[in-house]
Amino acid sequence: MGKSRQVVLKVEAVTDFLAAQNLSDVAIQIVSLATVRRARVAHENGIEVWVSERHGSLAFEPALDKVVPLDTIAKHSEAFRLRRRDFDNTADGFALASRLADAAITELGRDRTCELFFVAERDYWLRRNRAGRKQLAR
């Protein structure tokens, strides 16, 4: 039998895709919050269909042997989400965001920090924007 061909669909979250498609018996490769996660959702006639989520990475294959610093990711994600946003001086707000980003970059790297920061920003603005929530729901 020849080598299978693969089709990979990029999704925001593998678990959300599996839930939406009612695929409860599919194994996900690698733990939650890993830089790259994927799951094979179909395999037929030499073609495999995978779904993949990436967090601040251009990789397509998960690093199965790499330790995922779950506590560090959670700490910096929480810091971004809960940061103070109202300042009398805008420069003070930028300074705080810069300090938080620098701390995260030191522990997680630039790419993962960027992803965590913008997820927190999107969530912040979606909580305040009904039109944005409706668009995301589509």
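Tabulated values for the structure
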{"read-out": "Condition met for residue 44 (modelled with pLDDT under 95 and closer than 17 Å to residue 60 by Cβ)", "value": "no"}
{"read-out": "Given (1) surrounded by 12 or more Cβ atoms within 10 Å (Cβ to Cβ); (2) not assigned by TED's automatic domain parsing to the domain that holds residue 11, index of the condition residue 50 fails", "value": "(2)"}
{"read-out": "Per-region count, the range 74-118, residues hydrophobic (A, V, I, L, M, F, W, C) and not in a helix (DSSP H, G or I)", "value": "1"}
{"read-out": "Residue 116 being under 30 Å from residue 7 (Cβ atoms) and loosely packed, with under 15 Cβ neighbours inside 10 Å", "value": "no"}
{"read-out": "Residue 63 vs. criteria part of a loop (DSSP other than H, G, I, E, B) and over 13 Å from the mean Cα position of the chain (by Cα)", "value": "yes"}
{"read-out": "Condition broken by residue 48, with the remaining ones in (1) part of a loop (DSSP other than H, G, I, E, B); (2) out of contact with any helix residue (DSSP H, G or I) (no Cβ under 9 Å at 6 or more places or on another chain) satisfied", "value": "(1)"}
{"read-out": "Members of the range 35-64 that are without any contact (Cβ under 8 Å) to a residue 40 or more places away in the chain and among the basic types (Lys, Arg)", "value": "37, 38, 40"}
{"read-out": "Test result for residue 37, in contact with a helix residue (DSSP H, G or I) (Cβ under 7 Å, 6 or more places away or on another chain) and either modelled with pLDDT under 95 or surrounded by 11 or more Cβ atoms within 10 Å (Cβ to Cβ) (or both)", "value": "yes"}
{"read-out": "Neighbours by Cβ (under 9 Å, 6+ apart or cross-chain): first from the range 91-108, touching a residue at least 24 places away in the same chain (Cβ under 8 Å); second of a type in the set (Gly, Ala, Ser) and surrounded by 14 or more Cβ atoms within 10 Å (Cβ to Cβ)", "value": "100/79; 103/79; 104/77; 104/79; 108/56"}
{"read-out": "From the options 37, 85, residue that is outside the structural domain of residue 104 (by TED's automatic domain parsing), of a type in the set (Lys, Arg) and under 24 Å from residue 126 (Cβ atoms)", "value": "37"}
{"read-out": "Pair list, Cβ < 8 Å and 6+ apart or interchain, from the range 11-34 residues that are in a strand (DSSP E or B) to residues that are among the β-branched types (Val, Ile, Thr)", "value": "28/14; 28/15"}
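The values are calculated or read from the model by the stated rules, or taken from the named source; none is laboratory data. Just so we're clear, the structure is a prediction, and the values are computed from it rather than from any experiment. Note that we place each Cβ from the backbone using ideal geometry, even for glycine, and neighbour counts take in every protein chain shown.
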